[in-house]
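First the structure, in the form of C-alpha cells, and then the observations on it.
The values are calculated or read from the model by the stated rules, or taken from the named source; none is laboratory data. Because the structure is predicted, anything quoted here is derived from the model rather than measured. Please note: Cβ atoms are built from the backbone with ideal geometry, for glycine as well, and neighbour counts cover all protein chains shown. Note: areas computed on protein heavy atoms with side chains; ligands, DNA, RNA excluded. Shrake-Rupley method; radii C 1.70, N 1.55, O 1.52, S 1.80 Å.
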Amino acid sequence: MTQRPDIPLPPPKERRRLREAGALTQAQVAAQVGVARETVRAWESGRTTPSGRKGEAYARLLESLTTPSAEPYEEPAAPRTAAGRTGRHRQPSPSAVATAEAPEPSDALTPAQAFDALYAFCAPALVRQTYLLSGRRELARESVERAFQTAWQRWPEVAVDPDPASWVRATAYEYALSPWHRFRPRYRHPEPPPADAADRALLDVLLTLPPSYRRTLLLHDGVGLGLPETAAETEASTPATANRLLHAREAVAARLPGLADPAALHRRLAEVASAERLRAPRPPTVRLGSERRARFWTRAAIAFTVTIIGATALTVRTAPTRYEPPVPPGETVQGIPPRVAPGTLSDKELKLRKKLRSGTAHGPQRLLPESR
C-alpha cells in the first residue's frame, strides 16, 4: 500500500484568509471536507491540527483556493433562514463577496456599487431579524434603513471594517431595541399579530424576554453565531452571554416545551420571520435618504452656528463699554423729620384760605408819584 504524500498546510490565519478569498463559509468548507463547522473553526483558530483523510481533503481544498483558476465551491440549495443563510451557517464576509464579484483589479467596485452589494446581501435577512427583535414590521424596515443610512454616511470606515455585515447588524439591532420608540405616537398601539397561532405564541414569548436576552438568543440560535462572536457583538463577556442564552432558552421552553431543542427553535425562528412579507427599500433610495439627512443636519448646524454668532455680536454691540456704578438706595438722615404727605385742612387753615381768597385778587394798587 503506497502512502500518500503529505500536503503542507498554511498557518491558521492563512487558512481563514484563503477561505474568505474563495467566498466560502466555514459551513461550506465543512460540508466539502466532511467535518463539522466547529472543526473548521478550530482548524482556523489553531486550536487543533487537521490530520488523516479529513486533513488531506482540507489541505487539497486550501491548495485549490490558491490557484487563480479554481472554481469556487457552491453549496446545494437549502431553505433560507431568518438570518438569510442556510441552516445555522454563518454568512461569508462582505469582503469575500466583493472578491467573488470583482476578481480582477480592473473590475473594482465603486463605493456606491459596493454599498449596493452589501445592502442586497444583508438587508432582506436583516429586516426579518429586526422584526423578531421588535415585533413591529414598520420598525423593522425603519431600523434597517436607518442602519444602512448611517453606514453610507460613514462608508470609508465601514468599507475597511473586517466584517461590515456585523457592523450594520449591530447598528440595526441598537435602533430596533431603543427604548425611546415607546414615546412615539405611531408606536403606542400594537401592530396586528401574525396570522398563525403558533407564530403568535413564539413572538409573544420573544417579546416578553429582556432586550439583551432576546438579542443574544436571536444571534446565537437564529443567526447562527458562535458564543464568542455573540458576546463580542453584544459587548458582553462570554460567561454573561452564556447565562443570557440559557435563561432565554429556559423561558422559551417553559412556555413552548416543543422548542426546548435549539435546532427546533432555530427552525421555528426562521419560519416565523419568513412568514411575514417584509421588504426593504431599494439601495438607491437608502443612499439618497442618507445624503438628504446629512444635508439637513449640516444646514441645521450651520443655522445654529450663525444664530450663536449673531447673538454674540448683538451682545457685544449693546453691552456697556465702561463701568457704571449702580445707584445706591436712599438712606434716612438723622435730625430731619420725614416729609409727610398733605392731608385735609383744619378749620383754622380753611378760615385763612377763605380770607386770602376774599381779598383783592390783583394785589395792592400801584403808587404813582404826583407832579407838584
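Okay, here's what the table says:
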quantity	calculated
Residue selected from the range 280-295 under the condition part of a helix (DSSP H, G or I) and in contact with a helix residue (DSSP H, G or I) (Cβ under 7 Å, 6 or more places away or on another chain), by the criterion surrounded by the fewest Cβ atoms within 10 Å (Cβ to Cβ)	294
Residue within the range 195-203 that is open to solvent by less than 30 Å² (accessible area, probe 1.4 Å) and among the acidic types (Asp, Glu) present	yes
Conditions (1) exposed (fewer than 10 other Cβ atoms within 10 Å of the Cβ); (2) of a type in the set (Val, Ile, Thr); (3) within 28 Å of residue 116 (Cβ to Cβ): number failed by residue 298	(1)
Complete set of residues in the range 174-202 that are modelled with pLDDT of 85 or more, under 21 Å from residue 256 (Cβ atoms) and among the aliphatic types (A, V, I, L, M)	197, 198, 201, 202
Of residues in the range 247-274 being under 12 Å from residue 216 (Cβ atoms) and of a type outside the set (A, V, I, L, M), the one least open to solvent (accessible area, probe 1.4 Å)	249
Those residues of the range 127-138 which are open to solvent by 10 Å² or more (accessible area, probe 1.4 Å) and either touching a Ser or Thr at 6+ places or on another chain (Cβ under 8 Å) or farther than 25 Å from residue 205 by Cβ (or both), in sequence order	128, 134
Hey, residue 41 at pLDDT 80 or above and either out of contact with any Pro (no Cβ under 7 Å at 6 or more places or on another chain) or of a type outside the set (A, V, I, L, M) (or both) or not	yes
Residue among 316, 327, 306 that is on the phi < 0 side of the Ramachandran plot, surrounded by fewer than 10 Cβ atoms within 10 Å (Cβ to Cβ) and part of a helix (DSSP H, G or I)	316
Residues of the range 17-37 that turn out to be touching a residue at least 60 places away in the same chain (Cβ under 8 Å) and either surrounded by fewer than 16 Cβ atoms within 10 Å (Cβ to Cβ) or touching a His at 6+ places or on another chain (Cβ under 8 Å) (or both), as a count	4
Filter result for the condition that a residue is among the basic types (Lys, Arg), open to solvent by 40 Å² or more (accessible area, probe 1.4 Å) and at pLDDT 90 or above, over 244, 277	244
Helices (runs of 4 or more DSSP H) enclosed by the range 115-229 - at least 3 residues per element that are over 16 Å from the mean Cα position of the chain (by Cα) and among the charged types (D, E, K, R)	197-208
